[in-house]
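The values are calculated or read from the model by the stated rules, or taken from the named source; none is laboratory data. Please read these numbers as outputs of a predicted model, since none were measured by experiment. No Cβ is skipped: glycine too gets one built from the backbone with ideal geometry, and neighbour counts run over all protein chains shown. Areas reflect the complete protein model, heavy atoms only, side chains present, ligands, DNA and RNA absent. Shrake-Rupley method; radii C 1.70, N 1.55, O 1.52, S 1.80 Å.
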Amino acid sequence: MSEDRMNPKERFSAFLSGEPLDRFLCVPLVLNHAARVARVKISEYNSNGQVMADCHVQAYRRYGYDLITIFSDTAITAEAMGTELLYFEDDVPRLERPAVTDPDDLSRLVRAKPTDGRLPVYLDAIRTAVSAVGDEVPVACCFMAPFSTAAMLRGVDMLARDLYRNKSLAHHLLSLSQEVTKDFADAVIEAGGVPIVGDPVATGSILGEKQFREFALPYLQELHAHIASKGLPALLHICGQTSRILDAIVESGAALLSLDDISMAEARDRAGEYIVLMGNVRPAQTLLRGSREDVLAEVKELCAIGRTCKRGFVLGSGCEVP
């Protein structure tokens, strides 16, 4: 492999402006793994912005990838709105009690501000990381899209029922989640970060295309348009299987789509002329259990496909690095 001729910030800027690159951007989704690199308990990592930033700076220094991604867990926005989480010393918190267990709870649900709950942890981590290494590498922050936020407010199973039995409640939750998410996107940008929208529940593993178009797509379109109005590209990551909802995802207005469980060749053929594709070295099968040679072989295969993506390609992991 030839030596890099750009640093990550130069490479990212050239990528956004359509200028030539020395190589593909490389963005493994190093999230909670940053705590492992720094030998810090995840409970400390996800509750202290200074610690979170230091973990990510150490991970970036060790691996040399092209984008730092601040993130801990999928329920941080919902927690700021009243969802209760179960905390562990050295693992990510889990959903314990949704904020809306009964439709009457909607009247008590408030629009969280970026100063509520643990949201300031992310913002503090962004500012600290930007101050430490922002002159050489961009710092992004991943937060949940409206559909996944609503799922953490209601519980995934209950929201799935609401899509059929109580659509007005579902849309009420989605609308409120939309406003909170837009406010937080603004706060991320103000802190110096690049927003990345994550929608792990709005996946083809759970939703069909019809449901995705009705309950997830309109809110993604509005959120992506809001981010674009700030002069930044809308970056979207959806977990799980996305083949059956891929055509709808392309209509979301995202500039880049980070993919998980789908053939990159299929994604290229169906979406590569409309949107930049990112992915998708398999996290569990290859990164966790594979050999160095397995990783290199999968990377080579993906890069060969990436060279034929008309709008561009970013090499990344399919989901969070284990």
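Listing for the model above:
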quantity: Qualifying residue in the range 160-175 (condition: open to solvent by 20 Å² or more (accessible area, probe 1.4 Å) and under 26 Å from Val194 (Cα atoms)); calculated: yes
quantity: Conditions (1) closer than 30 Å to Ala132 by Cα; (2) over 16 Å from the mean Cα position of the chain (by Cα): number failed by Val194; calculated: (2)
quantity: Scope the range 215-252; condition under 20 Å from Ser17 (Cβ atoms), in a helix (DSSP H, G or I) and open to solvent by 40 Å² or more (accessible area, probe 1.4 Å); matching residues; calculated: Ala228
quantity: Lone unmet requirement of (1) open to solvent by 20 Å² or more (accessible area, probe 1.4 Å); (2) farther than 16 Å from Phe147 by Cα; (3) not basic (Lys, Arg) for Gln211; calculated: (2)
quantity: Leading residue by the ranking (nearest to Ile305 (Cα to Cα)) among those in the range 253-266 that are open to solvent by less than 20 Å² (accessible area, probe 1.4 Å) and either in contact (Cβ under 8 Å) with a residue 24 or more places away in the chain or in a loop (DSSP other than H, G, I, E, B) (or both); calculated: Met264
quantity: Verdict on Ala129 being within 13 Å of Ile76 (Cβ to Cβ), small (Gly, Ala, Ser) and open to solvent by less than 20 Å² (accessible area, probe 1.4 Å); calculated: no
quantity: Single match in Val201, Val197 (criterion: in a strand (DSSP E or B), in contact with a Cys (Cβ under 9 Å, 6 or more places away or on another chain) and at pLDDT 95 or above); calculated: Val197
quantity: Some residue of the range 268-281 being touching a residue at least 60 places away in the same chain (Cβ under 8 Å), open to solvent by less than 20 Å² (accessible area, probe 1.4 Å) and of a type outside the set (D, E, K, R); calculated: yes
quantity: Those residues of the range 280-308 which are in contact with a Phe, Trp or Tyr (Cβ under 9 Å, 6 or more places away or on another chain) and either assigned to a helix (DSSP H, G or I) or at positive phi (or both), in sequence order; calculated: Leu302, Cys303, Ile305, Gly306
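Conditions tested, residue by residue: (1) open to solvent by 10 Å² or more (accessible area, probe 1.4 Å); (2) at pLDDT 95 or above; (3) closer than 30 Å to Phe24 by Cα.
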| residue | (1), (2), (3) |
| --- | --- |
| Ile76 | no, yes, no |
| Ala80 | yes, yes, no |
| Thr83 | no, yes, no |
| Arg97 | yes, yes, no |
| Ala125 | no, yes, yes |
| Asp135 | yes, yes, yes |
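A quick yes/no check of all residues on (1) of a type outside the set (Lys, Arg); (2) touching a Pro at 6+ places or on another chain (Cβ under 9 Å); (3) buried (at least 16 other Cβ atoms within 10 Å of the Cβ):
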{"residue": "Ser13", "(1), (2), (3)": "yes, yes, no"}
{"residue": "Glu19", "(1), (2), (3)": "yes, no, no"}
{"residue": "Val27", "(1), (2), (3)": "yes, no, yes"}
{"residue": "Leu31", "(1), (2), (3)": "yes, no, yes"}
{"residue": "Tyr45", "(1), (2), (3)": "yes, no, yes"}
{"residue": "Asn48", "(1), (2), (3)": "yes, no, yes"}
{"residue": "His56", "(1), (2), (3)": "yes, no, yes"}
{"residue": "Ala59", "(1), (2), (3)": "yes, no, yes"}
{"residue": "Asp66", "(1), (2), (3)": "yes, yes, yes"}
